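Quick notes on the structure that follows.
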Amino acid sequence: MSTARSTSALSALVAVLALVASGCGDDSSSTSGSAEVTAVATTTQVADFVREVGGGRVAVEQILQPNSDPHGYEPRPSDAKALAAADVVVQSGGELDEWLDGLIENTGGDAPRVELIQAVETIPGGHEHEDDEHGEEGHGEGEHADEEAHDHGESADPHWWQDPRNALLAVDAIRDALIAADPDGRADYEANARAYKERLRRLDRNVAACINAIPATRRHLVTTHDALAYYAHRYDIEVVGALIPSLSTAAQPSAGDTQKLVDQIERENVEAIFPESSINPKLERAVARETGAKVGRPLWADALGPEDSDGATYVESVQSNTAALVDGLTGGAEQCRPEA
């Protein structure tokens, strides 16, 4: 999102802040019910994590809606109202939801804020990064192996949740933030986090087993944009390229970029190209026609899906993506949907 558009959108909110401030004191959120804490979550994945840990004690105000693109998001007046009433704010972090900075500055919200990218193990943005000893047994929960190797700044790939082991670390951070906001709920938050982390560990093991069904020579991934590097890094898949060679969907591919990717797809005999659920697959279809690759089932990348979709929750999105990759990269010869 351009700075000019972001500034314009945030400036438009200033006009409603007086109304927000005067109205939020007497207006209990319709979603709070008997909840003890109101948490604002920026992205769909973050909101899902907070719901899992918070259970009935936490009312979650979710800024981004299913199938929405966080890269091009422009804040709304309702976001300002939610932030003004929040007890805690949880964001994904990095380039993905950097628009939150300006929104909070304009609303004057002072709720404690958790930036989850600071709690997880990151990899550099783009395709080129060195292995980080991110092995299954060596990846500690709550401890960073090497701060220099895991840059949490602007250069880090913001799609950290695509590795379920990072979801484990995010759950810990959310649990601790909710306990700080609501000490009386400690037992509930700890129990919820513990149960959810067991599901995530089981999911991680079963995803690895599913990917192992794909011959190593066929584990070549081409997606819409650079959103699956963590998943690929975790499960030993080679990222050949992306139709939009950027961490953001707001970027535009050049003719040269596209031709280079076409040549690489042909050279490496890539079986399938995978579009993203929230983006029109027109470009993927064109490249598929040019190269002879198939268009695989859409993947859940930057956002989860609506309630009736197979990517309505984080766990379901990883299950769906894995099933799509196994099917697409084996030409339908193998089918595997990991349990959690």
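Data for the structure
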| quantity | calculated |
| --- | --- |
| Cβ crowding within 10 Å averaged over residues, with 41-48, 195-202, 235-242 ranked highest first | 41-48, 235-242, 195-202 |
| Chain lengthening between E105 and S155 when straightened (0.36 nm per residue, less Cα-Cα) | 15.7 nm |
| Radius of gyration, Dmax [segment 155-275; alpha carbons; angstrom] | 18.6, 59 |
| Segment 210-329 pair-distance distribution - Cα-Cα, 5 Å bins, rounded % | 2, 12, 23, 26, 21, 12, 4, 1 |
| FRET efficiency, A180 to R267 (Cβ-Cβ, R0 41 Å, nearest 0.05) | 0.20 |
| Gain on full stretching of the segment that runs from E190 to A209 - 0.36 nm per residue minus C-alpha separation | 3.9 nm |
| For segment 210-329, size of Cβ-based charge dipole, Lys and Arg +1, Asp and Glu -1, in debye | 280 |
| Radius 10 Å from Cβ of D302, net charge of other residues (Lys, Arg +1; Asp, Glu -1) | -2 |
| Difference of contour (0.36 nm per residue) and Cα-Cα distance, S34 to E238 | 68.7 nm |
| For segment 275-337 and segment 71-88, distance of Cα centres in Å | 30 |
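No lab work stands behind these numbers, since they all come straight from the coordinates. Remember, predicted model here, so these are calculated numbers, not experimental data. Cβ atoms come from the backbone with ideal geometry, glycine included; neighbour counts cover every protein chain shown.
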